[in-house]
Amino acid sequence: MAIDRAAMRMIFSCQFWRMAICWTFALLFSYLRFHLRGRCLTQHPRFRFSLDPGGKIRRPICIITGATSGLGEATARAMAAEGYHVVLAGRCSEKLDKIIQDIMKGNESAHLNAFQVDLSSFHSILKFERSFKQWLLDSNLDHSVQLLINNAGILATSFKVSADGYDKMMQTNYLGAFALTNLLLPLLKKSPVPSRIVNITSFTHRCVTNLKLDCNIFSHSSSSEKYPFANVYENSKLCLLLFSYELHRRLYEENPLSNISIIPVDPGVVKTKILREIPLCLSQLAFTVLSFLRLLQSPETGASSVVDAALAPPNVSGEYFFGGKGRMVESSSLSYNAKLAADLWSKSSTLFEDQIAIHKDF
Ligand SMILES: NC(=O)c1ccc[n+]([C@@H]2O[C@H](COP(=O)([O-])OP(=O)(O)OC[C@H]3O[C@@H](n4cnc5c(N)ncnc54)[C@H](OP(=O)(O)O)[C@@H]3O)[C@@H](O)[C@H]2O)c1
């Protein structure tokens, strides 16, 4: 295995060792926690909508972000097989078309649509919301959404600024999902059948012991060389988790009989393109070691944890799903800090409203 200069630079960085050691411990800790105190949903049958033409909705709609690769693509395939009308949302239309053709080859009766959206751009998210609503109107479909799966995510090893001026990884992994969820919430609330939001988070959130909600949280000031990419990834996943629990609390406080549920999912380790920015020899080494430890899953197996969450009974909400087979464990204690979650919500809402004001005339 050739080790090039980029790989050597990475090996000598603290961030690499943080990933190699802390993330492995966080993963093993999640499995241990499941064996000691976990619960399983396997005794519950998966919840299925009846595809009754005379029913309240003709076919439930499921929006999946980042549907052009890995877990998102496998989840789109699985949800189409479950009879959902799957809306594949991704940043590259060629990739979306290719995946739609590919799914149709194995499932000719699949109901699929593709929409372009870049989660690291508020303008793009607002454009998506507008064209999606127009499509509902044009297709004479019920003006509601049954399932939103916030899956899109990146692990960026160098600092990149988004078009809106934020850290691109933080915006893609957290702020984009926050904005999209808030924009689609009215359509989820309007659903005549129970609706759900599934957020794809990660065991790496366990490595965060202190989340500082200062002015640097969404936009890093460090130089590219010193970019703490592992910490930023962990923070983005913790933020998504805090947001999931806060949304759960708000929805159920507003209406104890809320018909929207929210489930954060941690698929464990899945062999996808998520490590594309890590030098190839190191990502291959990581996958080999994880495979030897029997911790590495295929995208199809990884997606089964997302499908578990998507099809869990409607009364399941605010539970942390981990690693498939209906497993539920507790996430880190910091993720249950309601004060931190409320502060994060307020900071994110302010930013979201500012962006809405900036883009109001587009
Ligand atoms: N793989 C794992 O072990 C693992 C473990 C825990 C959690 N996760 C999470 O699972 C999710 C899916 O990741 P994956 O493992 O399937 O990785 P992946 O194969 O790299 O897929 C990531 C998906 O997100 C899309 N995406 C990236 N940036 C985007 C943007 N700005 N706007 C819209 N879409 C964007 C990608 O689109 P392109 O095709 O255009 O690049 C791709 O479709 C991520 O949130 C990741 O953090 C993964």
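The values are calculated or read from the model by the stated rules, or taken from the named source; none is laboratory data. Only a predicted model underlies this, so the values are computations on that prediction, with no experimental measurement involved. Counting neighbours? That spans all protein chains shown, and the Cβs are built from the backbone with ideal geometry, glycine included.
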### Task
Within region 134-142, identify whether any single residue is surrounded by 19 or more Cβ atoms within 10 Å (Cβ to Cβ) and modelled with pLDDT of 95 or more, and answer yes or no.
no
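From S291, S283, S305, S346, grab the single residue that is part of a helix (DSSP H, G or I), closer than 19 Å to A152 by Cβ and not aromatic (F, W, Y).
S305
Among N259, N231, which is in contact with a helix residue (DSSP H, G or I) (Cβ under 8 Å, 6 or more places away or on another chain), of a type in the set (S, T, N, Q) and at pLDDT below 95?
Working: N231 fails: at pLDDT below 95.
It is N259.
For region 68-82, enumerate the residues that are of a type in the set (S, T, N, Q) and out of contact with any Lys or Arg (no Cβ under 9 Å at 6 or more places or on another chain). First the steps, then the outcome.
First, pick out the residues of region 68-82 that are of a type in the set (S, T, N, Q): 68-69, 75.
Listed by number, the list holds a single entry, T75.
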#### Entry: Hey, A110 in contact with a Ser or Thr (Cβ under 8 Å, 6 or more places away or on another chain) and either more than 16 Å from the ligand (Cβ to nearest atom) or among the small types (G, A, S) (or both) or not
no
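Condition first: touching a strand residue (DSSP E or B) at 6+ places or on another chain (Cβ under 6 Å) and within 12 Å of the ligand (Cβ to nearest atom). Now tell me which residues in region 226-267 satisfy that.
Taking region 226-267 as the starting set, the residues that turn out to be touching a strand residue (DSSP E or B) at 6+ places or on another chain (Cβ under 6 Å) are 240-241, 244, 247-248, 251, 260-266.
Selection gives L240, L241, P264, V265, D266.
Please tell me if L293 is within 15 Å of the ligand (Cβ to nearest atom), over 19 Å from F229 (Cβ atoms) and not small (G, A, S). Steps first, please.
Working: within 15 Å of the ligand (Cβ to nearest atom): yes; over 19 Å from F229 (Cβ atoms): yes; not small (G, A, S): yes.
Considered against the rule, which asks whether it is within 15 Å of the ligand (Cβ to nearest atom), over 19 Å from F229 (Cβ atoms) and not small (G, A, S), L293 comes out as yes.
Return yes or no: is T209 within 16 Å of the ligand (Cβ to nearest atom), hydroxyl-bearing (S, T, Y) and either within 25 Å of M19 (Cα to Cα) or crowded, with 21+ Cβ neighbours inside 10 Å (or both)? Outline the logic, then answer.
Working: within 16 Å of the ligand (Cβ to nearest atom): no; hydroxyl-bearing (S, T, Y): yes; either within 25 Å of M19 (Cα to Cα) or crowded, with 21+ Cβ neighbours inside 10 Å (or both): yes.
No: the conditions fail for T209.
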### Summary
Result of the Cβ filter at 7 Å on region 180-206, keeping first residues that are within 16 Å of the ligand (Cβ to nearest atom) and partners that are in a helix (DSSP H, G or I) and basic (K, R), at least 6 apart or interchain, is T201/K237; S202/K237; T204/K237; H205/K237
